[in-house]
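The values are calculated or read from the model by the stated rules, or taken from the named source; none is laboratory data. The shown structure was predicted, so the numbers you read here are calculated from the model rather than taken from an experiment. Cβ: placed from backbone, ideal geometry, glycine included. Neighbour counts: every protein chain shown. In case anyone asks, the SASA skips ligands and DNA or RNA and just uses the protein heavy atoms, side chains included. Shrake-Rupley method; radii C 1.70, N 1.55, O 1.52, S 1.80 Å.
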Amino acid sequence: MTEHNKFNEKGLVKRYENNPILTKKDVPYPVETVHNAGVTRYQNRYIMIFRSHLRNGRSIIGIAESEDGLGFKVHPEPFLVPAKEGTFAEHEEFGVEDARISLIDGEYLITYSAYSRHGVRVALAKTRDFKSLERVALITQADHRNVVIFPEKFGGLYARLDRPHSEIAPWSIWISWSPDLVHWGNSKLLIKSAAYHWDEMKIGPGATPVKTEKGWLHIYHGVFETMDGAVYRLGAALHDLNDPSIILGVSDDWILQPEDPWELTGYVHNVVFTCGAVLENKKTLRIYWGGADSVMCTGTADVDELIGLCLEKPRPPLG
Ligand code: BMA
């Protein structure tokens, strides 16, 4: 397997040479896009749960699996479609989007955005086998997206990264805690967009954080507004191992920006957006991202380089 960055040999994220790794042509039911997938390891395989737009413009979540994390085969049926009855149906009416997966105590926790006439909320579901799925609760109020749960408890509490939005304090990264996954609180603001910076317009949690010797490594997204619309890029943040509400560093530089043709043009142009990254080994992080809200791509980054960027070339977390 060779990986390279076509545009910058020294780029932090080395793109896989056969990107994109999954497109709508690989899906055995009619969809218009394949993107923003949560990814995890399950029984010596990689599981990817990816978002697809239907032709009514609303999204569902499909599932694919892979031996090597590069070649994925999509299951014949979608994994998660809007609920048909009850509270979840009311809140998933306009679609389900951007799932993240977190493994704790043998259970895979799945957070996803639930869209409805009431706004966007985050829902939590869980599975042990990626066949059956149990919806647990809607775990935010409206105007939240991009919730990722840390794959470990801290002092008996679950921790998650949040992304509430309001006009006074737009789109920032917060942390909240819960004893039972349903009731969340003790929220605290961790990282804000920095003025005239690549993440100036908004930021949000991205991939489920991974544990390294130096801290929890979190790949997040940041958005910059240009005359040609928004550009979505990825950055890195390092959280304290024992208390992830402590930020050890946030990289000043982005680590990935739209460059390949399928990242520059598509359903929404100029977008790289992540919901999943897995450690291949202690040294290498494999990152998955949606390109232009249309296809799935992957690449690897050196863990020490990412940590170095957070610690040695940081920007203020509350910029
Ligand atoms: C965000 C979300 C993401 C999407 C991105 C770029 O607001 O909708 O799912 O990838 O915009 O369109």
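Some points to look at:
- Helix-derived mean residue ellipticity, 222 nm - over the chain, DSSP H n ≥ 4, -39500 (n - 2.57), to 500: -1500 deg cm²/dmol
- Beyond 32 Å in Cα-Cα separation lie the following of the pairs Lys24/Lys131; Lys84/Lys282; Lys126/Lys188: Lys84/Lys282.
- The value obtained for region 90-162, namely the Cα convex hull volume divided by the number of residues, is 84 Å³ per residue.
- Take every pair of alpha-carbon atoms less than 8 Å apart whose residues are at least six positions apart; their mean separation over the length of the chain yields a relative contact order of 16 percent.
- Ordering of 114-124, 64-74 by burial proxy (mean other Cβ atoms within 10 Å per residue, highest first): 114-124, 64-74
- Shape of region 31-181, Cα gyration tensor, a/c cut at 1.5: oblate
- In the chain, the portion of solvent-accessible area held by carbon and sulfur atoms comes to 51 percent [1.4 Å probe, whole percent, DNA, RNA and ligands not counted].
- Probe 1.4 Å - accessible area at Leu256, Å² to nearest ten: 10
- C-alpha center-to-center spacing [region 215-232, region 57-79] in angstrom: 25
- On full extension, the segment bounded by Glu225 and Glu107 gains 38.6 nm, given 0.36 nm per residue less the C-alpha separation.
- The residues of the chain expose on average 42 square angstrom of accessible surface per residue, using a 1.4 Å probe on protein heavy atoms.
- Length released on extending from Glu134 to Tyr29, taking residue separation times 0.36 nm less the Cα-Cα span: 35.5 nm
- Choice from Val39, Val31, Val182 with maximal GNM fluctuation in the chain (Cα, 10 Å cutoff): Val182
- Diffusion coefficient, µm² s⁻¹, Stokes-Einstein with Kirkwood Rh over alpha-carbon pairs of the chain at 4 °C and 1.567 mPa s: 67
- The listed residues Thr40, Thr87, once ranked by accessible area (1.4 Å probe) with the largest placed first, stand as Thr87, Thr40.
- Here Trp289 sits with roughly 0 square angstrom of accessible surface, probe radius 1.4 Å.
- FRET E, pair Leu54, His165, Förster distance 35 Å, beta-carbon r, rounded to 0.05: 0.85
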